[in-house]
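Right, one structure below, let's go through it.
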Amino acid sequence: ELKVEQNPLFLSMQEGKNYTIYCNYSTTSDRLYWYRQDPGKSLESLFVLLSNGAVKQEGRLMASLDTKARLSTLHITAAVHDLSATYFCAVDNNDMRFGAGTRLTVKP
Amino acid sequence: EPEVTQTPSHQVTQMGQEVILRCVPISNHLYFYWYRQILGQKVEFLVSFYNNEISEKSEIFDDQFSVERPDGSNFTLKIRSTKLEDSAMYFCAILPKTSLNTEAFFGQGTRLTVV
């Protein structure tokens, strides 16, 4: 069974700082997603990564994928309060399994 | 316009009763998924559908659960004899058929409360 591990599970950052969230998965996959979830809301798609070495950026968030290491990262640059949310990675092997999520809090 | 519409948004049911959660994808889709999320916890995979058949199902998706496509468009998740621990948000998601280079879109969810 595909297993997806995220770390850290909780992250408290100061505004303006940089940090990286890690996502490891156990079996080969050709598709990895990053989602954002605000409290009480559904999941909002951030990135889809399809190939080794893929890098995508949107605003202060940048995601990358290393399929050989089975590792994806979500890098946060110069964090702002609006980025406070829970971030999930998900790996798709016909059954799209999610990591446990990283609850990010950005403090002024 | 959302890609996926779920109904109801909130359902309260008595323990032991059956519930049916509905999901209507707007566009043609390749894969269809059901997930559940207990409050504040991880998003748990239940089942995936491909070509009108169950493609994968998790250990959570036991005989208490079933999925149907009653009229060729919408999907239903039926939970028989609900238990208190079935209380959670249930999300459906689709992977659009137009392109594989895209993300899966989630519905807004149904909050199920078993009392």
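The values are calculated or read from the model by the stated rules, or taken from the named source; none is laboratory data. Just so it is clear, the model here is predicted, and its values are computed rather than measured. Here Cβ is always computed from backbone atoms with ideal geometry, including for glycine, and neighbour counts include all displayed protein chains. Accessible surface is based on the protein model in full, side chains and every heavy atom, while ligands, DNA and RNA are left aside. Shrake-Rupley method; radii C 1.70, N 1.55, O 1.52, S 1.80 Å.
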**Fill in**
By residue number, the members of the range A:1-49 that are open to solvent by 90 Å² or more (accessible area, probe 1.4 Å), closer than 19 Å to residue A:92 by Cα and part of a strand (DSSP E or B) are A:5, A:22, A:44
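Could you please give the count of residues in the range A:34-90 that are of a type in the set (Asp, Glu) and over 29 Å from residue B:92 (Cβ atoms)?
Number of matching residues: 1.
Give the range B:3-13 a look and list any residue that's in a loop (DSSP other than H, G, I, E, B) and closer than 19 Å to residue B:72 by Cα, or say none.
The first filter runs over the range B:3-13 and keeps only residues in a loop (DSSP other than H, G, I, E, B), leaving B:3, B:8-9.
Once the filter is applied, which keeps residues that are in a loop (DSSP other than H, G, I, E, B) and closer than 19 Å to residue B:72 by Cα, the range B:3-13 yields only B:3.
Do we find that residue B:85 is out of contact with any Leu (no Cβ under 9 Å at 6 or more places or on another chain), at pLDDT 95 or above and not polar (S, T, N, Q) in this structure? Give the derivation first.
On the way: out of contact with any Leu (no Cβ under 9 Å at 6 or more places or on another chain): yes; at pLDDT 95 or above: yes; not polar (S, T, N, Q): yes.
So residue B:85 passes the test.
Looking for whichever is touching a residue at least 12 places away in the same chain (Cβ under 8 Å) and over 26 Å from residue A:89 (Cα atoms) here; the options are B:94, B:79, B:60. Which one fits? Let's see the steps before the verdict.
Details: B:94 fails: over 26 Å from residue A:89 (Cα atoms); B:60 fails: over 26 Å from residue A:89 (Cα atoms).
From the options B:94, B:79, B:60, the qualifying one is B:79.
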**Complete:** When residue B:91 is run through (1) hydrophobic (A, V, I, L, M, F, W, C); (2) within 11 Å of chain A (Cβ to nearest Cβ); (3) in contact with a Leu (Cβ under 9 Å, 6 or more places away or on another chain); (4) open to solvent by 40 Å² or more (accessible area, probe 1.4 Å), the failure sits at (4)
